[in-house]
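The values are calculated or read from the model by the stated rules, or taken from the named source; none is laboratory data. Because the structure is predicted, anything quoted here is derived from the model rather than measured. Note that each Cβ is placed from the backbone with ideal geometry, even for glycine, and that neighbours are counted across all protein chains shown. The protein model used for the area step is the full one, side chains on, heavy atoms only, and it has no ligands, DNA or RNA in it. Shrake-Rupley method; radii C 1.70, N 1.55, O 1.52, S 1.80 Å.
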Amino acid sequence: MRLVLLGAPGSGKGTQAKLLTEKLHVPHISTGDLLRAAVAAETPLGQAAKEVMDRGELVSDDIVLGMLKERLQADDAAKGFILDGFPRNLVQAEMLDQLLGEIDMPVEHAVLIQVDPEEVVARIAKRAEAEGRADDTEEVVRHRLGVYRQQTEPVVEHYRQAGVLSEVHGTGSIEEVQQRILEVLRF
Ligand code: B4P
């Protein structure tokens, strides 16, 4: 299965992708996690990305695409993947279409997890207490929501037009949201 999870920051993409990977038997690929690993390892790429991420902006398409391409070439991605946090803008969506088109393996499903912005702010405030991520302050989260509306929402339309989009409500328990996703995937 080749699945893209879409939704605002804090909508539960990462949370759901981790659970879905066990059910669907395909790897969970999070560009946020790949970037945070590069930051932690203090690679040149990580050093370039850190400041941008801390401000809540999107890291440059070149950096993210390079990283993703490498990850998609790993053996475990040959049978499919769950993409979480990618594509984040139309350029990335088009690059992904091109990349997957070349190997005749297009995205099969895009699932949008919908959550009210104030619920997002509350969830991330909770995560900030537990994990202390630099981009989880209220000010940065509100900025990330603005970036999402401007740059990522057009990606939702991109997949709607491609005829592969499903939408689920992202409020309720993690298990309830998981069930809704499995239903739209008919799994
Ligand atoms: P991400 O790592 O993608 O961060 P995110 O949008 O906050 O989503 P995340 O997956 O972590 O949170 P989730 O919704 O699961 O991106 C971070 C930064 O990296 C970006 O701002 C950007 O700078 C950079 N980046 C990443 N990808 C990029 C790209 N493609 N291009 C350019 N830049 C890129 O969950 C949030 C919280 O909600 C959790 O604490 C969870 O426990 C809670 N939660 C989940 N489900 C819940 C539920 N049903 N009820 C209550 N709480 C719930």
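Nothing charged except the Cβ atoms of Lys and Arg (+1) and of Asp and Glu (-1): what's the magnitude of the dipole of the chain about its Cα centre? Round to the nearest 20 debye.
Dipole magnitude for the chain comes out near 240 debye.
Take the Cα gyration tensor of the chain, multiply each eigenvalue by 5, square-root it, and list the three semi-axes largest first, rounded to whole angstrom.
Semi-axes from the Cα gyration tensor: 23, 21, 16 Å.
With every protein chain present, what accessible area does ASP62 have (1.4 Å probe, heavy atoms only), rounded to the nearest 10 Å²?
So the heavy atoms of ASP62 present about 130 Å² to solvent.
Compare THR43, THR31 by solvent-accessible area with a 1.4 Å probe and give them largest first, with all protein chains kept in place.
Numbers: THR43 50, THR31 5 Å².
So the residues, ranked largest to smallest area, are THR43, THR31.
Just report the Cα centroid separation between the stretch 130-176 and the stretch 48-94, whole Å.
Cα centres, the stretch 130-176 to the stretch 48-94: 15 Å.
For the stretch 15-20, what does the Karplus curve 6.51 cos²θ - 1.76 cosθ + 1.60, with θ = phi - 60°, yield as ³J(HN,Hα) per residue in whole Hz, taken in order and with x for Gly and Pro?
Using θ = phi - 60°, the values come out as 4, 6, 4, 4, 6, 5 Hz.
Starting at the first residue of the stretch 108-120, write each ³J(HN,Hα) from the Karplus equation 6.51 cos²θ - 1.76 cosθ + 1.60 with θ = phi - 60°, in whole Hz, x for Gly and Pro.
Once rounded to whole Hz, the list reads 9, 9, 10, 10, 9, 9, 9, 9, 4, x, 5, 5, 4.
Hey, can you grab everything whose amide H is under 5 Å from the amide H of GLU57? Only 5+ residues off in sequence or another chain; H modelled, so Pro and N-termini drop out.
Amide H neighbours of GLU57: none.
Starting from the stretch 112-187, pick out the trypsin sites (Lys or Arg not before Pro) whose DSSP state is loop and whose Cβ has at most 13 other Cβ atoms within 10 Å.
Listed in order of number, the matching sites are ARG186.
What shape does the stretch 38-99 have by the C-alpha gyration tensor, where a ≥ b ≥ c are the square roots of the eigenvalues, rounded means a/c under 1.5, and otherwise prolate means a/b greater than b/c and oblate the rest?
Oblate, because a/c is 1.5 or more while a/b does not exceed b/c.
Once the Cβ-Cβ distance between ALA48 and ASP104 is put in as r, and R0 is 41 Å, what FRET efficiency do you end up with, to the nearest 0.05?
The value I calculate is 0.75.
Put THR137, THR21 in order of accessible area, largest first, 1.4 Å probe: what do you get?
Numbers: THR137 65, THR21 40 Å².
So the residues, ranked largest to smallest area, are THR137, THR21.
Put ASP135, ASP33 in order of accessible area, largest first, 1.4 Å probe: what do you get?
Putting ASP135, ASP33 in descending order of accessible area: ASP33, ASP135.
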